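Reading through the structure tokens given below for one structure.
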Amino acid sequence: MAKFLNTSGTTFFLEELIKGTRQRLTLISPFLRINTRIRQLIEDANQTGIEVDVIYGKNELHPEEENWLSSLENLAVYFCENLHAKCYLNESSAIVTSMNLYEFAQVSNNEMGLLLDRKSDREAFEETEKEAQRLLRISDEHKSRTLKQASSTVLESHEPMHKSPLPEEIYQKLTTSRLAEVCKVKTQDLLEYFTAKGYLEIREGKHFLAERGKEKGAEVRFGKNGIYFLWPKVMLKKFQDRDKTAQA
């Protein structure tokens with residue numbers, strides 16, 4: 001039978017759920033600001049090879065949160081537009097709750113939730129699991145486990161890293177460093193150009209993708225050293241045309 005949870009109960013059973021995961025963990029929370037205790041449990045799960053999917057959906061991730069998430073090899077991050085659901089589940093139990101995975105909510109808010117067991121609450125659990133999988137399918141993947149494993153070849157850097165063309169069938173877009181190499185300029189010069197054009201913006205001393213950059217087809221990805229950008233090949237022509245205009 002489903003178990004009712006208040007704020008402290010949700011926090012307790014969430015920790016137990018993460019500790020008890022043996023195969024796959026899914027964390028769905030519109031707002032993310034994960035406290036130290038939950039981080040440690042997720043890190044431990046990551047070290048044992050458990051795959052973790054995190055879906056968020058409201059404001060942008062704090063840079064420190066981004067860096068921490070990107071450091072975990074077996075974790076994938078997804079953005080789901082208009083997400084309001086909060087749900088945490090593994091292969092045997094699920095928590096459907098009002099509580100975000102946000103440290104303030106776990107301490108200060110009055111929350112309610114239900115704990116479901118796969119065996120005793122089979123129908124409700126399976127419906128919850130199906131909905132979680134649907135949210136994964138409709139979400140934009142910001143950082144994947146596959147991408148993380150290959151990140152050593154596509155990380156953002158201030159100097160060109162690639163000495164040979166990237167496989168076209170794998171990389172349909174170019175990293176800033178690769179694009180800079182093709183344009184025969186320094187990566188930093190290209191970053192400054194994209195910032196001046198409004199494709200990037202600087203916040204807290206770091207580059208972030210601006211709306212204009214998104215409109216041009218650029219994407220954000222997560223690597224071991226933080227975020228990096230992928231640019232459509234049309235950007236190569238735009239930069240080359242900029243050089244021609246300057247010469248004229």
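Every number in this text was worked out from the coordinates using simple rules, so none of it is lab data. Treat the numbers as computed from the prediction; the structure is a model and nothing was measured. Ideal geometry is used to build each Cβ from the backbone, glycine not excepted, and the neighbour counts take in all protein chains shown.
Listing for the model above:
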item: Estimated distance in nm for a label pair at Lys233 and Glu15, the labels positioned 7 Å out from Cα along Cα-to-Cβ; result: 5.3
item: Cα-based shape type of the range 3-146, given that a ≥ b ≥ c are square roots of the gyration tensor eigenvalues and the cut on a/c is 1.5; result: rounded
item: For Tyr102, distant residues with modelled amide H under 5 Å away; result: Arg33
item: Cα pair distances exceeding 16 angstrom across the range 78-138, given as percent; result: 49
item: Paramagnetic label zone (point 7 Å from Cα along Cα-to-C-beta, Thr48; backbone N under 13 Å) in the range 3-35; result: 16-25
item: Amide proton proximity set for Glu91, modelled H, under 5 Å, gap of 5+; result: Arg22, Gln23, Arg24
item: Residue exposure sequence - His84, His62, His207 - by fewest surrounding Cβ within 10 Å; result: His84, His62, His207
item: Hypothetical label at Glu131: residues of the range 7-40 whose amide nitrogen lies under 14 Å (7 Å Cα-Cβ projection); result: 28-30
item: Length gained when the stretch Ile202-Ala85 is fully extended (0.36 nm per residue, less Cα-Cα span); result: 39.0 nm
